[in-house]
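Just below is one structure, and these are the notes that go with it.
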Amino acid sequence: MRIIALNVHGFRNLQDQRLEFSGSTHFMVGANGQGKTNLLEAIGLLSALRSFRVAERKTLVNWNAAAAAVHYRVDHDKQGVSTVEIALRGARASVSLDGERLRSLGDFVGLFPTVALSSHDIEMLRSGPSVRRRFIDICLSGVDFGYLAALRGYHRGLVARNRLLKGGAGAAEVAAFSREMAPSAALLVRKRRACLETLDACFREKYQRFAPGGEHPVLVYSPDVEAETEEEWLRVWRDSLERDRRWGATLKGPHRDDFQFRLFDRAARTFASEGQQRGIVTALRLGQAQWVREVTGERPVVLADDVLVELDPARRRAFWAALDPEVQIFASGTETPRNPEKWEIFSVAQGLICREGSPA
């Protein structure tokens, strides 16, 4: 997949403008706060209408605008050249494909995949489980509408169940929401496990570019509860009902899942060096890009936000060696890259994006 052109209107701080892209490597250069990341975020909306930075879509609309829109011209590996329009109004979003509005998000998810690398990815190693859950949820939601629907359904049921627990509702009322949550819980756990098993293989393959031969990091799924069927989940919540009542919250479930990075069979967050940690999270994102292609049959567009400048020369070379040479990449940074001849470079200032040149 390749993005040929992009129009933005009312999106974040970006000025209304049309951009055209040639080649496959594009670099946005400018000072902090000028709109580089906002452009990458606009491109990333192609994955299930989700931002890779924030959870709430309403924050994507410029505060001086009532609505925002992003128009894309995309050369799709399977469908040829397509036009996509994403319109945002408050928290609501709509999509049109080749001029026809799509009625269901299920018709859109997985068609135009992207993978975003960010300097904040290091937090997947250093922060708590919620950061890692968000990663796996975005991974799966961007290619699998069934997973996205189950995730939404589970959290709706979870909010309602917790409200009943806090209000002292009867066991029958609480059980009704447990029954509503159980199918989604079983699906989430099953798909997370399968995803991480496949993603682990892709991740390990990519990491060998960063540390050939000597290191073997792995991803390990750590479900909150070893329960996979609807019946098992109903039993878990029935057995924990009195404890849940005391706390006023559902204490067990997929909303507390985690996964671990391990290196030499030790926790990478405490054992790995700074350089190893950077290599691990970069290899994870590159592995994600490979996983997306295996799942969808489509090469995702890669978005690298302030990442390449943080890698030392050896790891930068490893990045390019591990990246699919056919993939399109949009990168950003505060300084022009050391090899400008390889990039189509755009300067970004106060939301205006201007092309400076093209790759030699």
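Quick look at the values:
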{"item": "Any pair with Cβ under 8 angstrom, 6 or more apart, that starts in segment 190-209 at a residue that is touching a residue at least 40 places away in the same chain (Cβ under 8 Å) and surrounded by fewer than 17 Cβ atoms within 10 Å (Cβ to Cβ) and ends at one that is of a type in the set (Phe, Trp, Tyr) and part of a helix (DSSP H, G or I)", "result": "198/291"}
{"item": "Which numbered condition residue 137 fails, given (1) crowded, with 17+ Cβ neighbours inside 10 Å; (2) in the same structural domain as residue 59 (by TED's automatic domain parsing); (3) part of a helix (DSSP H, G or I)", "result": "(2)"}
{"item": "Residues of segment 304-360 that turn out to be assigned to a loop (DSSP other than H, G, I, E, B) and among the basic types (Lys, Arg), as a count", "result": "1"}
{"item": "Residues (surrounded by fewer than 21 Cβ atoms within 10 Å (Cβ to Cβ), within 19 Å of the chain's Cα centre (by Cα) and small (Gly, Ala, Ser)) located in segment 32-72", "result": "51, 55"}
{"item": "Any chance residue 10 is at pLDDT below 95 and either in contact with a Gly (Cβ under 9 Å, 6 or more places away or on another chain) or of a type in the set (Gly, Ala, Ser) (or both)", "result": "no"}
{"item": "Every residue from segment 184-210 that is among the polar types (S, T, N, Q) and part of a helix (DSSP H, G or I)", "result": "184, 198"}
{"item": "Cross-chain or 6+ apart pairs with Cβ under 6 Å, segment 6-31 first and buried (at least 16 other Cβ atoms within 10 Å of the Cβ), then acidic (Asp, Glu)", "result": "9/16; 26/344"}
{"item": "Filter result (at negative phi and either in contact (Cβ under 8 Å) with a residue 40 or more places away in the chain or in contact with a Gly (Cβ under 6 Å, 6 or more places away or on another chain) (or both)) within segment 253-268", "result": "254, 255, 256, 257, 258, 259, 260, 261, 262, 263, 268"}
{"item": "Residues satisfying the stated conditions in segment 322-360, i.e. out of contact with any Ser or Thr (no Cβ under 9 Å at 6 or more places or on another chain), surrounded by 14 or more Cβ atoms within 10 Å (Cβ to Cβ) and under 26 Å from residue 206 (Cα atoms)", "result": "323, 324, 333, 337, 340"}
{"item": "Within segment 210-229, tally of residues that are of a type outside the set (S, T, N, Q), exposed (fewer than 14 other Cβ atoms within 10 Å of the Cβ) and within 21 Å of residue 276 (Cβ to Cβ)", "result": "5"}
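The values are calculated or read from the model by the stated rules, or taken from the named source; none is laboratory data. Values in this document were obtained by computation on a predicted structure and should not be read as measured data. Positions of Cβ are backbone-derived with ideal geometry, glycine not excepted, and every protein chain shown enters the neighbour counts.
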